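Below is one structure, written out as structure tokens; the observations come after it.
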Amino acid sequence: MTTTEAYASLPAVGTGGSRAHSRGFWLVAYTFAVTMAFSAAPAPLYVLYQAKDGFGPFTVTLIFAAYALGVIASLFLAGHISDWTGRRRVLIPAVLINVLAGVMFLAWSSVPVLLVARFVSGISIGMLTATATAHLTELHLAARPGASRTRADLVATAANLGGIGLGPLVSGLLAQYAGDPLHVPYLVFQALMLIGAAGVMLAPETVERTRFRYRPQRVSVPRAARGRFYAAGAAALAQFAVFGLFTSLAPAFLANVLHQHSHALAGVTAFAVFAAGATGQILLARAGLRRQLGYGLGFLVVGIVALTVAVQLPSLALFLVGGVLAGGGAGAAFKGCVSIVLSVAPPEGRGEALAGLFLAAYVGLAVPVVALGLATQLVSLQVALAGFAVVLLAILGLVGRRLFAAA
């Protein structure tokens, strides 16, 4: 979930510019970024857990999958209720739930607790992402009446994907240079998130609380548009599988295949991929849909091929270049997929159609990476990654023509 298009029809906000709304905009953006950062902070630390408790790459993928399952469950059960209860009443608990996950990481390091902590963190992110994105848009429109939503879109993208990239970067640097690597990074993010939760309390509310009858988020799309919708969903699955690779198994690839054991390098690598994803969306924000898809899918394919070749050689430089290309392409192409879904869904069904797209994306975040982790139990990392790449390229090849037809 990376764009505010999911909220094409937003509740009305005040018509007069307000310093409080402008200040609240940046407070929410900060909180959004640091909470997303915490969600990816464990990525460069998994190799330390592996060394400490003696589990293998497949267990890492299961821990990561627990996070994705938490996001999916939360997305459908709680991700939409801020439309009725108000943004702050969802944002503050979402941040505090991630603080609770941090307490779990600090207190225990066994595999069962890691699974639970990651699931809890996923619940938080499912509540946070759409709510924070909508809140940013509403605060922006209240602070700058009549302005376009471009600033809100760009800041939400930077906070979301950029925040995910900052998490591994900060935790990797702290693990490498600050000592006590399984505690210091979490303590730092705990403090940052608590500051954020306090900041959200100072941000104006933008949704008037209403009475409602609860129902989970639904997923629907008109029958005539299902072919294009399924193509966008399949492409989103492949795009997020690349991001999943860099928040789960990439540090193990660096350590075991490329023989690079620096926690800082693992963090920098993940940061570069997600920063490229955010940059790709920002640079192509005003481009036409065909250009978004063309550049996005092109860079994604080249990046996947480069990553595969890098692991076979092996080559650290090519691995980093491939990650940046794949991340930038995935970010740009996903923005195009969101645009396609918005174009085929009726106005009253946009939220439901986008929920389906995000479901496909988060399935892609977890399932292919779990399959890759399982494959490493049977074959070498090089062979498993080659198979992973072939599957992703096959998916993109099958749906590419229909995506361009929809554009």
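The values are calculated or read from the model by the stated rules, or taken from the named source; none is laboratory data. Not measured: the values here are computed from a predicted model. FYI the Cβ positions are ideal-geometry reconstructions off the backbone, even for glycines, and counts take in every protein chain you see. Only protein heavy atoms, including side chains, enter the accessible area calculation; ligands, DNA and RNA are left aside. Shrake-Rupley method; radii C 1.70, N 1.55, O 1.52, S 1.80 Å.
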Compute the signed sum of charges (Lys and Arg +1, Asp and Glu -1) over the other residues within less than 9 Å, Cβ to Cβ, of residue 203.
+2
Calculated Rg and Dmax of region 138-250 using C-alpha coordinates, Å:
19.9, 57
Compute the distance from the alpha-carbon center of region 58-88 to that of region 240-301, in whole Å.
22
Within 10 Å, count the other beta carbons around each residue, average over each peptide in 59-66, 269-276, and list them highest first.
269-276, 59-66
Tail weight of P(r) past 11 Å, computed on alpha-carbon pairs of region 351-392, percent:
65
Answer check: region 186-268, Cα atoms, Kirkwood Rh, Rg/Rh ratio of 1.16
Using the Kirkwood radius over C-alpha pairs as Rh, can you work out the diffusion coefficient of region 48-102 via Stokes-Einstein at 25 °C, viscosity 0.890 mPa s, in µm² per second?
184
If contacts are Cα pairs under 8 angstrom and at least 6 residues apart, what is the relative contact order of the chain in percent?
25
Ranked highest first by average number of other Cβ atoms within 10 Å, how do 336-343, 37-44 line up?
37-44, 336-343
Report the dimensions of region 297-364 along its three principal axes from the alpha-carbon atoms, largest first, rounded to Å.
51, 20, 12
Accessible area of the chain belonging to carbon and sulfur atoms, whole % at 1.4 Å probe:
66
Radius of gyration and Dmax over the Cα atoms of region 109-176, both given in Å:
16.2, 53
Please calculate the 1.4 Å probe accessible area of residue 80, with all protein chains present, and give it to the nearest 10 Å².
10
Could you work out the pair-distance distribution P(r) of region 284-407 from its alpha-carbon pairs, with 10 angstrom bin width and percents rounded to whole numbers?
13, 37, 33, 14, 3, 0
Rg and Dmax in Å for region 168-325, alpha carbons only: what are they?
20.4, 60
P(r) for region 252-344, please, calculated from all Cα pair distances in 5 Å bins and given in %.
3, 16, 22, 20, 15, 10, 7, 4, 2, 0
Along its three principal axes, how long is the chain when you only count alpha carbons? Whole Å, largest extent first please.
58, 50, 35
Over all directions, average the projected area of the Cα convex hull of region 64-142 and note it in nm².
5.2
Applying the Karplus parametrisation 6.51 cos²θ - 1.76 cosθ + 1.60 with θ = phi - 60° to the phi angles of region 140-152, what ³J(HN,Hα) value in whole Hz is obtained for each residue in order, glycine and proline being reported as x?
4, 5, 6, 6, 10, x, x, 6, 6, 8, 4, 4, 4
Connecting C-alpha atoms closer than 10 Å in a GNM of the chain, tell me which of 101, 389, 134 has the biggest fluctuation.
389
Heavy atoms of residue 180 accessible to a 1.4 Å probe, total area in Å² rounded to 10:
90
Mean separation of Cα contacts under 8 Å, 6 or more apart, over the residue count of region 118-231: relative contact order %:
17
Can you give me the accessible area per residue for the chain, using a 1.4 Å probe, in Å²?
38
